[in-house]
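Single-structure report; data block below.
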């Protein structure tokens, strides 16, 4: 894939389209809870955030194993691994570029390694 467009960046919590004839629930990267006046950041937002900040145009996918992760080799040779931890906070150990890296992985959170 060369590009992806997030059609709905921000919606209200109902997530309805403006089409009154065929309304359907929409996914959005950000959802506004109008009752509580609060912005809710969705997991999809974090995927876009991490990938768009660290993975460059022309990057190649690198194989991964052992967890919820994507890895890429950027055209400049840097390696990027984007990981998700669905459980409690933990120590993560990752082999990347011939090195073993250990770091704190947040609970129900994302981590990105940008290895130069």
Of all residues in segment 57-74 being touching a strand residue (DSSP E or B) at 6+ places or on another chain (Cβ under 8 Å) and part of a loop (DSSP other than H, G, I, E, B), the one that is farthest from residue 115 (Cα to Cα): 67
Subset tally (residues that are under 17 Å from the mean Cα position of the chain (by Cα), at pLDDT 90 or above and either surrounded by 15 or more Cβ atoms within 10 Å (Cβ to Cβ) or outside any loop (DSSP other than H, G, I, E, B) (or both)) for segment 75-109: 8
Boolean, residue 31 is surrounded by 12 or more Cβ atoms within 10 Å (Cβ to Cβ), within 20 Å of the chain's Cα centre (by Cα), at pLDDT 85 or above and not in a loop (DSSP other than H, G, I, E, B): no
Positions within segment 35-45 being modelled with pLDDT of 85 or more and closer than 20 Å to residue 72 by Cα, in sequence order: 45
Flag for residue 48 being surrounded by 10 or more Cβ atoms within 10 Å (Cβ to Cβ), in a helix (DSSP H, G or I) and at pLDDT 85 or above: yes
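The values are calculated or read from the model by the stated rules, or taken from the named source; none is laboratory data. The shown structure was predicted, so the numbers you read here are calculated from the model rather than taken from an experiment. No Cβ is skipped: glycine too gets one built from the backbone with ideal geometry, and neighbour counts run over all protein chains shown.
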